[in-house]
Amino acid sequence: MTTVRKLSAAQPDFAQQLQQLLSFDATLSPEIEQRVAAILADVKHRGDAAVVEYTNRFDKLSATSMADLEVTQTDLKAAYERLPTKEQNALKTACERVRKYHEHQKQPSWQYEDEDGTLLGQQITPLDRVGIYVPGGTAAYPSSVIMNAIPAHVAGVPEIIMVSPLRGGAEQDRVMAAAWLAGVTRIFTIGGAQAVAALAFGTETVPAVDKITGPGNAYVAAAKRQVFGQVGIDMVAGPSEILVICDGHTNPDWVAIDLFSQAEHDEVAQAILLCPDADYIAKVEASIEKLLPGMPRADIIRASLGNRGALIQVADLDEACEIANQIAPEHLELSVADPHQLVSKIRHAGAIFMGAYTSESLGDYCAGPNHVLPTARSARFSSPLGVYDFQKRSSLICVSADGAHQLGQIADTLATGEGLPAHALAARLRVRAEA
C-alpha cells in the first residue's frame, strides 16, 4: 500500500505541516564539492589531457584524444536518418512548436530621445557562445536538447556547444537527431564535472563558452555552482515538483497519473494535490492504489509520494491558490472548469497548465513553452529558461550638448556629495559657462 500523507488546511498546525512538507535538505556534500573543485582545477591546468583522462576513468572508455570524443554534423544527420519516420516527425514537430513559442520572446533593441536631444535606449545582443549540458549514460533526453538549444538558436547565439556522455544505441540517436534539428554547432561526448570545466575554461579543443545551461547529477550541479562568475549558468535545479489544483470534476485516474509523472523522476520529487472535495481526494487516493502497481517505476513513485507527496483538502479554490503561491511550484496544473478565472490569482509558478486536458507531460515535450523551470520555491523570483537567458542588454546613452549642460550640473552635485571629485569634474567640464 502507498502511504501518501493527507492534510487539511483547516488544521490548526497546517502552516507548520506545510513547511515541513516543503522543506528539503539541499546541504552540499563537502566530499562532492572537494572532488569537483579538484577536477575543475585539473582541467583548467591540463586541458584536453585531463578531460580525456577523467572521461576514460568515469565512463569506462578508451579515448586517446578529444578527436575520439567529438561528434560531427555528419554523424548527427546520420543519427536522425536512422530513426523511424514516426520518431523523426515527433522530434520535428516538437522542435517547430518550441521554436514558434520562443520566437515570441524575442525583444528588439529600443531607444528614445529626450527634449534636449539626448538619446537613451537599450541594445539587445546574443551571447557569443553557450554550452548546453545534456544528461546521458543510463538514459537519454532529446527533450533537454530541444529545450536548451532552440531558445539559444532563436536568440541568435552563433555557437552552441553541447556536451553529453553519449554511448551509442537508439536512445543516443534520438539525442543526436534532436541536436541536428535544434541547430547545435558542436558536440563532445563528455559528461560530469570535467565537461562543465571544459566549457567554462576552454581546452585546446573545447572552446570556452559564456554561459552553461542544462541539468545534471550532483557533480554537474556542484561544478556549475563553482564556475559561476567565470561563466553564467541558468540555475541549479532541485527535485522535480508538481502541484495539482482540482475542483473535483477531473477523472481521478488522470490526476493520479499526473502526480506520478513527476514522482517517477526520483524519490525526493514532490507531488501534491489541493482540492476542496474530501470525497474526490479519496477517489484520487484509490486511483493511486489501483494504478501504481502497473507503473514500471512504481518503487520510485511509491517512495516519492511517501517522502514528500500530499493530498490536501482546502476550504475552496481561492484558498488553494493562496497555498499554491506559498509553494511556488515548478509545475502547477489548474484542473478546474474555468482555469482562466483562476490563473489571475496565481503569482508564483514555473509553468501553469490550464484545464483538465493539459497534462504536465505535454509541456515537457511538445506544447511549446520551455520545460527548464525554477524549483525549490525559486519561482518566487525566477522564470523558465527562455530566449532572454541567451541575450544581454547594453544601455545606450548619447548626451547632447544641451543635455550635458543640464545633466552635468545634477551629476556634479551628486558626485560632490559622494566625495568623488573626478566624477564631479568630468560632469562640470561639460557644463556651459553662464553668460
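Quick notes on this structure:
- Residues W110, W180, W254 arranged by fewest to most Cβ contacts within 10 Å: W110, W254, W180
- Normalised alpha carbon radius of gyration of the range 303-427 [divisor 2.2 N^0.38 Å]: 1.76
- Magnitude of the charge dipole, the range 32-87, Cβ model with Lys/Arg +1 and Asp/Glu -1, debye to 20: 100 debye
- Highest-MSF residue in the chain out of L317, L414, L22 [GNM, Cα springs under 10 Å]: L414
- The ranking of F58, F381 by Cβ neighbour count inside 10 Å, starting from the fewest, reads F381, F58.
- Fully extended contour minus Cα-Cα distance, from R347 to A208, at 0.36 nm per residue: 46.3 nm
- Estimated distance in nm for a label pair at Q230 and S361, the labels positioned 7 Å out from Cα along Cα-to-Cβ: 4.0 nm
- Remark: the F24-N217 segment gains 67.8 nm on full extension, using 0.36 nm per residue and subtracting the alpha carbon distance.
- FRET E, pair E70, C398, Förster distance 45 Å, beta-carbon r, rounded to 0.05: 0.50
- Here's how it looks for L7: its modeled amide H is under 5 Å from those of L311, I312, Q313, which are all 5 or more places away or on a different chain.
- By DSSP, the beta bridges lying fully in the range 92-236 are antiparallel in about 20 percent of cases.
- The C-alpha atoms of the chain occupy a region whose extents along the principal axes are 88, 61, 45 Å, arranged from largest to smallest.
- Translational diffusion of the range 329-400 was estimated from the Stokes-Einstein equation, with Rh taken as the Kirkwood radius over Cα pairs; at 37 °C and 0.692 mPa s the coefficient is 234 µm²/s.
- Over 12 Å [Cα-Cα, the range 26-79], rounded percent: 72 percent
- Gained length - D116 relative to Q88, 0.36 nm times residue gap less alpha-carbon distance: 4.3 nm
- Think of each Lys and Arg Cβ as +1 and each Asp and Glu Cβ as -1; about the Cα centre, that makes the dipole of the range 83-188 roughly 820 debye.
- FRET efficiency estimate (nearest 0.05) - Cβ-Cβ, K100 to V431, R0 51 angstrom: 0.45
- With N the number of residues in the range 202-336, Rg(Cα) / (2.2 N^0.38 Å) evaluates to 1.31.
- Cα gyration tensor shape of the range 60-126, rounded if a/c is under 1.5, else prolate or oblate by comparing a/b with b/c: oblate
- Global geometry of the range 101-190, whether rounded, prolate or oblate, following the gyration tensor of its Cα atoms and the 1.5 cut on a/c: prolate
- Shape call, the range 145-232: gyration tensor on alpha carbons, a/c limit 1.5: oblate
- Taking every alpha-carbon pair under 8 Å whose residues sit at least 6 apart, the chain reaches a relative contact order of 19 percent.
- For D173, D316, order by how many other beta-carbon atoms lie within 10 Å, fewest first: D316, D173
- FRET efficiency for H423 and F381, using Cβ-Cβ distance with R0 set to 35 Å, rounded to 0.05: 0.60
- Taking amide H atoms as placed 1.01 Å from N in the peptide plane, the amide H of R430 has no partner under 5 Å among residues 5 or more positions away or on other chains.
Taken together, the values in this text are just the output of simple stated rules run on the coordinates, not laboratory data. Please read all numbers here as calculations on a predicted model, not as lab measurements. Because the Cβ atoms are built from the backbone with ideal geometry, glycine has one as well, and the counts that use them run over all protein chains shown.
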